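Asker: Handing you this structure, nothing more for now.
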Amino acid sequence: MAKIPVQFRLNGTDRAAFVDAPETLLNTLRRSLGDFAPKYGCGQGACGVCTVLIDGEPHLSCLTLSIACEGRQVETASGMASGPELHPLQAQFMEHFAAQCGFCTPGMLTAARSLLDKNPNPTRDEVIEAISGNICRCTGYEPIVAAILAAAGSPGLRRA
Amino acid sequence: MLDVRSCATLSEAAGILSGDRQAVLIGGGTLVMRDVNEGRLTEGTLLHVTDPAFRRIEAGGGRIELGAGVTMGMILANRELAFLHPAARAIGGPAVRNMASVGGNLFAPAPYGDFTVALLALDAQVVVQAGFGSGRATPLEEFLAARERSGSALVTSVQLSRPANPGDFHFRKISRVKPKGISVLSIAAHLPLTGGRVAQARLAYGAMAPTPIRARGVERALEGKSLDAGAIQAAKQAALEGCRPATDAIASEWYRREVLPVHLGRLLAGNSR
């Protein structure tokens with residue numbers, strides 16, 4: 001099958017790839033573009049570990065066709081840090097021991113970033129709602145919620 | 001071999017669907033791409049529609065039209081559709097809501113398809129286009145009864161009337177996991193009051209049959225009545241008419257039958273839970 005060219009902006013940089021017609025954005029990111037932050041979990045849209053932002057909104061990259069991303073803005077957890085300086089969410093995840101195996105962490109960070117970009121001072125219930133599509137089997141969620149609340153209102157929040 | 005075709009117009013997509021039995025339309029991808037990932041869909045053509053009309057919302061007046069590709073996230077971002085927000089918010093987490101579409105929800109197997117339950121209680125019409133002709137509006141209930149045979153036609157939009165009083169529309173999803181969980185069942189009710197009495201009651205259930213269904217027994221029990229304890233008791237007694245719930249990983253048939261009248265009674269009594 002002939003490959004199809006796709007171009008989109010990934011974490012602020014124009015990227016291009018040749019993809020199979022039914023290829024998912026997750027596969028393109030991991031196999032062609034070397035962005036290993038989004039993970040393959042359930043492949044059903046239930047676990048949220050593949051969450052990326054498309055045009056600023058959270059999407060499941062395992063259920064998104066790559067060709068549907070032509071010309072769009074895609075952001076992953078890989079693009080959150082600015083050089084050696086961590087995004088406040090990343091720093092607070094470390095501070096609060098909000099990652100154990102780490103498999104869910106990129107999706108959690110992306111979902112949380114989407115929330116804080118729109119609502120820098122969310123309530124606890126709003127945080128829980130924002131990460132309700134993301135499953136973590138290690139932490140019991142409490143450290144994750146605490147980390148997101150701690151990052152809320154941070155001066156560096158809108159930097160990434 | 002699985003191929004993908006991008007369709008710039010709805011007519012193009014409808015034409016391909018009519019002529020190719022192995023063509024499948026992708027709405028938001030939450031149903032179709034799951035089958036691709038799991039190897040259940042390996043042959044045929046996936047249709048990806050880029051026509052802006054597919055994602056158009058017309059909600060300014062009394063008559064509302066939602067393109068089939070409109071997502072739950074788009075509904076939640078539209079203030080004029082506030083009465084539909086509880087139903088849209090019942091679908092998945094934030095990422096799913098940015099993908100799951102109105103049209104796709106019409107095809108979601110039980111216990112999914114909660115948004116369709118709301119549309120059913122609002123007497124929605126489904127606009128279906130077969131071939132290159134123009135779309136034809138079909139009552140949603142009729143569409144659902146035949147949806148397994150609807151593979152060769154394209155759903156282009158859904159039409160409904162805005163409730164005269166948004167407070168007359170009620171939606172409740174019952175799930176065991178909060179805030180996001182799969183439905184044990186869902187209930188939508190449109191109960192307009194005339195002189196304090198229910199007129200033209202519409203009630204619908206999700207996950208109580210293979211497709212969302214109207215609760216006709218309850219509608220009859222409430223018609224012309226004020227929503228007092230007697231009417232609510234009569235509605236609860238008629239609640240299970242026509243129900244054929246499944247036993248699945250979320251709940252047993254027995255459990256669904258047991259809890260439906262309880263939640264129906266709470267909804268009709270205006271209890272928050």
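The values are calculated or read from the model by the stated rules, or taken from the named source; none is laboratory data. As the structure is a computational prediction, the values presented were derived from the model and not from experiment. Note: ideal-geometry Cβ built from the backbone for every residue, glycine included; neighbour counts use all protein chains shown. The area values use the complete protein model at the heavy-atom level, side chains included, leaving out ligands, DNA and RNA. Shrake-Rupley method; radii C 1.70, N 1.55, O 1.52, S 1.80 Å.
Asker: If you place +1 on the Cβ of every Lys and Arg, -1 on the Cβ of every Asp and Glu, and leave all else neutral, what size is the dipole of the protein assembly as shown about its Cα centre, to the nearest 20 Debye?
Answerer: Numbers: 44 positive and 38 negative charges, 157 e Å.
About 760 debye.
Asker: B:Lys178: which aspartates and glutamates have alpha carbons under 16 Å from its alpha carbon, excluding same-chain residues fewer than 8 sequence positions away?
Answerer: Output for B:Lys178: A:Asp125, A:Glu126, A:Glu129, A:Glu142, B:Asp114.
Asker: Also, quick follow-up: Based on Cβ point charges of +1 for Lys and Arg and -1 for Asp and Glu, what charge dipole magnitude is obtained for segment B:1-129 about its Cα centre, in debye rounded to the nearest 20? Working shown, then result.
Answerer: Numbers: 10 positive and 12 negative charges, 60 e Å.
It works out to roughly 280 debye.
Asker: Still on this structure: Calculate how steeply helix A:142-151 sits against the longest principal axis of the alpha-carbon atoms of chain A, using the helix alpha-carbon long axis, and give the answer as 0 to 90 degrees to the nearest 10.
Answerer: That works out to roughly 90 degrees.
Asker: Anything losing 50 Å² or more of accessible area from the isolated chain to the full protein assembly: pick those residues out of segment B:67-107, probe 1.4 Å, ligands and DNA/RNA ignored.
Answerer: B:Pro94, B:Ala95, B:Asn98, B:Met99
Asker: Here's another thing I want to ask about it. In segment B:8-62, if the dipole is taken from +1 on Lys/Arg beta carbons and -1 on Asp/Glu beta carbons about the Cα centre, which of B:Ala59, B:His48, B:Ala14 is farthest to the positive end?
Answerer: B:Ala59
Asker: Please work out how much accessible surface A:Arg124 shows to a 1.4 Å probe, ignoring ligands, DNA and RNA, in Å² rounded to 10.
Answerer: 100 Å²
Asker: Here's another thing I want to ask about it. Excluding ligands, DNA and RNA, what is the accessible area buried between chains B and A, summed over both sides, using a 1.4 Å probe, to the nearest 100 Å²? Provide the component values of the computation, followed by the final result.
Answerer: Working: alone 12730 and 7930 Å², together 18640 Å².
Buried surface at the B/A interface: approximately 2000 Å².
Asker: If DNA, RNA and ligands are ignored and the probe is 1.4 Å, what is the ranking of B:Met1, A:Met108 by accessible area, most exposed first? Kindly include the intermediate steps, with their values, before the conclusion.
Answerer: Values: B:Met1 135, A:Met108 0 Å².
Largest accessible area first, the list is B:Met1, A:Met108.
Asker: OK, next. Would you work out what percent of the accessible area of segment B:143-273, with all protein chains in place, is carbon or sulfur (probe 1.4 Å)?
Answerer: Numbers: 3120 of 6070 Å².
Answer for segment B:143-273 is 51 percent, counting heavy atoms of protein chains only.
Asker: Next question, about the same structure. Going down the list B:Lys180/B:Lys225; B:Lys180/B:Lys236; A:Lys39/B:Lys180; A:Lys3/A:Lys118; A:Lys3/B:Lys173, which pairs span over 32 Å between their C-alpha atoms? Don't jump to the answer; show the numbers that get you there.
Answerer: Working: B:Lys180/B:Lys225 35 Å; B:Lys180/B:Lys236 27 Å; A:Lys39/B:Lys180 21 Å; A:Lys3/A:Lys118 37 Å; A:Lys3/B:Lys173 43 Å.
Going by Cα-Cα distance, B:Lys180/B:Lys225; A:Lys3/A:Lys118; A:Lys3/B:Lys173 fall outside the 32 Å limit.
Asker: So, with +1 on the Cβ of K and R and -1 on the Cβ of D and E, and no other charges, what is the size of the charge dipole of segment A:15-160 about its Cα centre, to the nearest 20 debye? Could the numbers behind the result be given before it?
Answerer: Working: 11 positive and 14 negative charges, 43 e Å.
The dipole of segment A:15-160 has a size of about 200 debye.
Asker: Could you tell me the calculated FRET efficiency between B:Ala130 and B:Ala209, based on Cβ-Cβ distance and R0 = 41 angstrom, to the nearest 0.05? List each step's numbers first, then the result.
Answerer: Working: r = 26 Å, r/R0 = 0.64.
Between B:Ala130 and B:Ala209 the formula returns 0.95.
Asker: Put +1 on the Cβ of every Lys and Arg and -1 on every Asp and Glu Cβ in the protein assembly as shown; which of A:Val6, B:Val96, A:Pro84 then has its Cα farthest towards the positive end of the dipole?
Answerer: The residue sitting most towards the positive pole is B:Val96.
Asker: Can you pull the percent of segment B:56-130's accessible area that's carbon plus sulfur, 1.4 Å probe, other chains left in place?
Answerer: Working: 1160 of 2270 Å².
The computed percentage sits at 51.
Asker: Another question, if that's okay. Can you sort B:Arg40, B:Arg149, B:Arg266 by 1.4 Å-probe accessible area, starting with the largest? Walk me through the intermediate numbers first.
Answerer: On the way: B:Arg40 150, B:Arg149 180, B:Arg266 90 Å².
From most accessible down to least: B:Arg149, B:Arg40, B:Arg266.
Asker: Can you compute the modelled spin-label distance between B:Asp35 and A:Arg124, with each label point 7 Å from Cα toward Cβ, in nm?
Answerer: Modelled inter-label distance: 4.3 nm.
Asker: Also: Relative to the longest principal axis of chain B, what angle (0 to 90°, nearest 10) does the C-alpha long axis of helix B:253-269 take?
Answerer: Helix B:253-269 and the main axis of chain B meet at about 60 degrees.
Asker: Give the angle, between 0 and 90 degrees and rounded to the nearest 10, that separates the Cα long axis of helix A:105-118 from the longest principal axis of the Cα atoms of chain A.
Answerer: Relative to chain A, helix A:105-118 is tipped by roughly 80 degrees.
Asker: Let me ask something else about it. Using a Förster distance of 51 angstrom, determine the FRET efficiency expected from the C-beta separation of B:Arg21 and B:Lys225, and round it to 0.05.
Answerer: Details: r = 49 Å, r/R0 = 0.95.
Computed FRET efficiency for B:Arg21 and B:Lys225: 0.55.
Asker: Can you list the residues of segment A:10-27 that have at least 30 square angstrom less accessible area with all protein chains present than in their chain by itself, probe 1.4 Å?
Answerer: At a threshold of 30 Å² (probe 1.4 Å), the residues of segment A:10-27 that become less exposed are A:Ala21, A:Pro22.
Asker: Next question. Quick one: with all protein chains in place, what share of the accessible area of segment A:35-160 is carbon or sulfur, to the nearest percent (1.4 Å probe)? Display every interim value, and only then the final one.
Answerer: On the way: 2850 of 5150 Å².
Ligands and nucleic acids excluded, carbon and sulfur reach 55 percent.
Asker: Pop out a list of residues from segment B:3-20 that are at least 50 Å² less accessible with all the protein chains around than in their chain alone; 1.4 Å probe, no ligands or nucleic acids counted.
Answerer: Listed by number, the residues meeting the 50 Å² cut-off are B:Val4.
Asker: What list of ³J(HN,Hα) couplings, whole Hz, do you get for segment B:162-167 from phi and the Karplus terms 6.51, -1.76, 1.60, once you set θ to phi - 60° and write x for glycine and proline?
Answerer: With coefficients 6.51, -1.76 and 1.60, one gets 5, x, 4, 10, x, x Hz.
Asker: Which value, in Å² and to the nearest 10, is the accessible area of B:Ile57 when all protein chains are kept and the probe is 1.4 Å?
Answerer: The accessible area comes out at roughly 40 Å².
Asker: In square angstrom, what is the accessible area per residue of the protein assembly as shown with a 1.4 angstrom probe? Walk me through the intermediate numbers first.
Answerer: On the way: 18640 Å² over 433 residues.
I get 43 Å² per residue for this part.
Asker: With point charges of +1 on the Cβ of Lys and Arg and -1 on the Cβ of Asp and Glu, referenced to the Cα centre of segment B:1-141, which listed residue (B:Ile26, B:Phe83, B:Gly113) lies farthest in the positive direction of the dipole?
Answerer: Positive-end residue among those listed: B:Phe83.
Asker: Here is a further query. Provide B:Leu227, B:Leu140 ordered by accessible surface of protein heavy atoms (probe 1.4 Å), highest first. List each step's numbers first, then the result.
Answerer: Details: B:Leu227 65, B:Leu140 5 Å².
From most exposed to least exposed: B:Leu227, B:Leu140.
Asker: For A:Asp35, tell me the accessible area in Å² from a 1.4 Å probe, rounded to the nearest 10.
Answerer: Result for A:Asp35: roughly 10 Å² accessible.
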